[in-house]
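The values are calculated or read from the model by the stated rules, or taken from the named source; none is laboratory data. Values in this document were obtained by computation on a predicted structure and should not be read as measured data. No Cβ is skipped: glycine too gets one built from the backbone with ideal geometry, and neighbour counts run over all protein chains shown. SASA here: full protein model, heavy atoms, side chains in, ligands and nucleic acids out. Shrake-Rupley method; radii C 1.70, N 1.55, O 1.52, S 1.80 Å.
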Amino acid sequence: RRGIQLDEGRAALHAPADEPPLRARHRDGEEDRPRRRRERRERRWAGRAERGGFDGTGRCKKKKKDKGDDDDGMDMDEDSDNEEEKKDDGDGSDEEEEDEDDVAARTTPIRGPVPSEPGRWGSPLCAARRSGSTAGGGESLLAVGTVTGMTMNPLRHKESHVVLYRVVSGERLQLLHRTKVDDGSSGGGPVLALVHFQGRLLVGIGKSLRLYEMGKRQLLKKCELRGLPTMVKTLQAAGDRAFVGDMMQSMQFVRYDATANRLVLVARDRSARPITCQELLDVNTVAVGDKFGNVTTLRLPRGADTGAVDVSGTRALWDSSREDATPKLETLCTYHVGEVVTSLTRASLVAGGAESLIYVTVTGRIGALVPFTSREDVEFYTSLESHVRSEVPRPTGRDPQSYRSFYCPVKHVIDGDLCEAYGGLPYEARERIADQMERSTGEVMKKLEDTKNQLM
């Protein structure tokens, strides 16, 4: 049996004769401190493994012994931690800091990659942040859409929720409430898109679009628009309009009528596009990316939203508008990137420079669509592209214009990669193209560099 004897304020350990003595500590050598720390850590872990394994909570629970068990084993369990504490008393302050790190590592909860039971966890799908809202007292709120028990094939789920948090001092989140928006049996669908809309929360739930207002215990549903094609994938808002991206049927422009408290479909795209991302350019124009690797710019026709306003002041019991009577969006630009576009954003890569449309593809490729500001630039690059197209080598034999028009004809977009290939052509070809454009080779190269410098 191992005992403890106190001598001059220090603990001295006395082991039985058959056990080897502990290695003497060298307090004078600085090089021995890392080794002593490592050995002490190994002894701790070995002791915990003998008592039943590592405890992720940092609290080593004592095993219950039967009446017939040996008392010596209980003494070993009880005194082992005390032994380590006594050994640590003789070390310096740097070792005490190391001990605090060990304690912090032991108290970190260890959780496996799978839930303890089916349906225990909810996967977050989207988030929307509201800041500086007068309805919420000028505080910052974070809304997170979650789904529980979701399977992809077949596509179904148990229930969907919208969880609302308060951002406290910009450092931590405080849970306010949790609202169930779909129970899985009503055919609603998961929450894939959230956006702040006029001090409220606009939520895309399957084929429906709902407007919620903040309540004390849960979100309060104000109005709803049903009958969207497949599933709401992306969502943005500007003013009283909402720009809804469908998973298979492209864009839908929706307007909120505050007088009648309803959401009205204003216009939709005439082409079916599997939307993956979108970026709002202005109140009437939006850029979208689809799964086929196309970037398209859509615009609302002038006067298309006048029919969405109920001037009579009466509200019909049902929407009597026909499919063919709904205004269609105009296609301004179309360009085939060649890879699935995963994100779009409007930003400037140079301080004080003009904004460009930046896109990212599924393979990590980053590209930009730079807008032209003068008619001279449009004519220059259109002429350069047509001349370089006939001179550039084709390793695969495919025409560059047919590749950029893989799914739909390219429209109002100049192939920048093709124009940049002008610098890699032979000298005779560059001189011939410059003569046809009535410019010199230096002027053409300088124009290409100036356009590139505007972006980066």
Condition (residue is crowded, with 16+ Cβ neighbours inside 10 Å, assigned to a helix (DSSP H, G or I) and without any contact (Cβ under 8 Å) to a residue 12 or more places away in the chain) applied to segment 419-433: is it met by at least one residue?
no
Sole residue being among the β-branched types (Val, Ile, Thr) and over 26 Å from Ala260 (Cα atoms), chosen from Val163, Val195, Val203:
Val163
Any residue at all in segment 379-396 that is modelled with pLDDT under 95, polar (S, T, N, Q) and farther than 24 Å from Gly423 by Cα?
no
Name the residues in segment 335-361 that are over 21 Å from the mean Cα position of the chain (by Cα) and part of a strand (DSSP E or B), would you?
Tyr335, His336, Ser356
Residue under evaluation Glu438, criteria (1) open to solvent by 60 Å² or more (accessible area, probe 1.4 Å); (2) part of a helix (DSSP H, G or I); (3) not aliphatic (A, V, I, L, M), criterion not met:
(2)
Failed criterion for Cys408 (all others in (1) part of a helix (DSSP H, G or I); (2) open to solvent by less than 50 Å² (accessible area, probe 1.4 Å) hold)
(1)
If you go through segment 212-227 one residue at a time, how many are of a type outside the set (D, E, K, R), under 22 Å from Lys158 (Cα atoms) and in contact (Cβ under 8 Å) with a residue 12 or more places away in the chain?
4
